[in-house]
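Working notes, structure below.
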Amino acid sequence: MNNLVTSNLSHHPGRTAASVFGVALGVVLVVLTVGLVRGALREVGRRGSNVGVEIMLRQAGQGISLTSADMNIPIDEVISKVRAVPGVAFAVPIGQNLEMGASGGLGIRQLEAINYDEFAAATTLRIVQGQPLPAEGNVAIIDSKEARDKKLNVGDKIKALSDRELTVVGIYEPEMGARIKVPLALMQAALGAKGKASMIYVKCVNSAEQEEVAQRIVAQVPDFTVLFARDIPQLMATGFTALNVFLNVVAGLATIISLLVILLTMYSSVMERTRQIGVLKALGLSRAGIAWVFEKEALLISLLGIVLGLTVSLVARYFLVNKLNWKIELETGYVLYTCVGGLLSGLLGALYPALRAARLDPVEALGYE
């Protein structure tokens, strides 16, 4: 019976190959999409924890997300209150803007706007090439990895903030926050948010007392929420509700694609092999036996598709990570889901064609032309 299954698949190699590729496409879609999203998030989390401050303040309800925070914090009104809190060493306003359509990764690029002197005093940032970021002008500093990956040097031009041409005046280390930093005044002017910031970085006098300092800050500015820098990697690792829903939708669509591919393949196979089914029934094969033949064919197609999809995903990941410097992390849970989902989609996709084959009348099937 197993020989019958393999011979049936090899009898139509083109259709079998198309079915295997269809299942493999769903596997690649899930593995690479999830890996790319998770890798990008974890990289953002790692850089966020490198800043060197303990507390990040955002307006209540704003939370943390991939999308840029609105620049709606009135700096003069809030900063003085935060700096007056006992235990606060520095309170630094930060601007954030997310640009779509950037090359590499998820096709997005985050910019960070700072006042260099106070930002450098509060964090571990240091210039390793070029000069510090001026307070104004169409200029930017980039981290050393951005410089290597994009082959940028001091004096080169980059486009950002609605296609403004910015001159790279310095390269900094270590990697922290957004890879490109511009003057806060420049981002305020570009976004029409004069005197506003997206968030506030807080450096404590004693990092061991950051919880107590955070409580004092919230008491002073109750409309703000506190995020501890140490928690960012874990927040990024678990993802956000909207992104998790998106990834689950991608996984569900991949399963449906595989199911429909198997359904179409098996249904066509039943129509073409009506006489064969009649012969098998005449030889005494039961309805369950007939159905199981088609289910085994579907399972074999699914298994081949899963193996091909995982192989393509691993090869693509190696190329993207090592050649293009993308961050792609394979999620064990989603890989297992893809494998199990692929096999289940094969079983369910072949169910109707298998039952249809099992219900065929042997006499009519033998007389089918």
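The values are calculated or read from the model by the stated rules, or taken from the named source; none is laboratory data. Note that the coordinates shown come from a computational prediction; the quantities given were computed from them, not determined experimentally. No Cβ is skipped: glycine too gets one built from the backbone with ideal geometry, and neighbour counts run over all protein chains shown.
The table below gives the values:
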| item | result |
| --- | --- |
| Scan of the range 319-341 for residues that are more than 20 Å from V261 (Cα to Cα) and over 17 Å from the mean Cα position of the chain (by Cα), ordered by number | F319, N322, K323, L336 |
| Subset of the range 123-179 [at pLDDT 90 or above, under 24 Å from I200 (Cα atoms), aliphatic (A, V, I, L, M) and part of a loop (DSSP other than H, G, I, E, B)] | L125, L133, A135 |
| Sole exception among (1) assigned to a helix (DSSP H, G or I); (2) crowded, with 18+ Cβ neighbours inside 10 Å; (3) at pLDDT 80 or above for A357, by number | (3) |
| Verdict on S68 being part of a loop (DSSP other than H, G, I, E, B), small (G, A, S) and either modelled with pLDDT under 85 or surrounded by 19 or more Cβ atoms within 10 Å (Cβ to Cβ) (or both) | yes |
| Which numbered condition L310 fails, given (1) modelled with pLDDT under 85; (2) out of contact with any Leu (no Cβ under 7 Å at 6 or more places or on another chain) | (1) |
| Condition met for T265 (at pLDDT below 70, buried (at least 16 other Cβ atoms within 10 Å of the Cβ), assigned by TED's automatic domain parsing to the domain that holds T338 and within 20 Å of T16 (Cβ to Cβ)) | no |
| Members of the range 171-192 that are crowded, with 20+ Cβ neighbours inside 10 Å and either within 24 Å of N325 (Cβ to Cβ) or of a type in the set (A, V, I, L, M) (or both) | I171, Y172, M176, G177, A178, R179, I180, K181, V182, L184, L186, M187 |
| Residue identified as at pLDDT 90 or above, in a helix (DSSP H, G or I), outside the structural domain of W326 (by TED's automatic domain parsing) and closer than 17 Å to Q96 by Cβ among E118, E112 | E118 |
| Cβ pairs under 8 Å, 6+ apart, first in the range 66-78 and farther than 30 Å from E43 by Cβ, second at pLDDT 90 or above | P74/G195; P74/K196; D76/G195 |
| Test for G309: is it within 21 Å of A18 (Cβ to Cβ) and not hydrophobic (A, V, I, L, M, F, W, C) | yes |
